[in-house]
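Have a look at the structure below before the remarks.
What follows draws every value from the coordinates through simple rules; no lab data is involved. Treat the numbers as computed from the prediction; the structure is a model and nothing was measured. Note that we place each Cβ from the backbone using ideal geometry, even for glycine, and neighbour counts take in every protein chain shown.
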Amino acid sequence: MGKVVRSWRLHRWAQGEARDLADWINPVVRGWMQCYGAYNKSALFPLLKRINAYMVRWLRGKYRRLRRSWSVTMRAWWDAVERAPRFFSHWAWVNEPARVW
């Protein structure tokens, strides 16, 4: 699963908006959550956090105002999570990004 997530190269995906990104990754992640989450939910948490980390990198690459500081980026992240907590299917379980940078 980690290899598949890396192959998406989310941080370099600049042509679409967040809705397009959600439409693209939600079916795959939802399937993983249903299949593997039924047996060992906690084993998926690091992977879901890493997906969030890639999404934060995507945000910083796509929107220039978020490149200024880490606090601005995280404020935009938490605003998005608060505004639409089910926008990405994996936010139901994990909505914070991992420290992968």
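Numbers for the structure displayed
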quantity: Tally of residues being of a type in the set (S, T, N, Q) and buried (at least 16 other Cβ atoms within 10 Å of the Cβ) across the stretch 54-101; calculated: 3
quantity: Flag for ASN40 being within 17 Å of ALA92 (Cβ to Cβ) and either touching a helix residue (DSSP H, G or I) at 6+ places or on another chain (Cβ under 9 Å) or hydrophobic (A, V, I, L, M, F, W, C) (or both); calculated: no
quantity: Test set (1) surrounded by 12 or more Cβ atoms within 10 Å (Cβ to Cβ); (2) under 18 Å from ARG6 (Cβ atoms); (3) out of contact with any Lys or Arg (no Cβ under 7 Å at 6 or more places or on another chain) - ALA43 fails condition number; calculated: (1)
quantity: Scan of the stretch 49-73 for residues that are over 16 Å from ALA14 (Cβ atoms) and under 13 Å from the mean Cα position of the chain (by Cα), ordered by number; calculated: LYS49, ARG50, ILE51, ASN52, ALA53
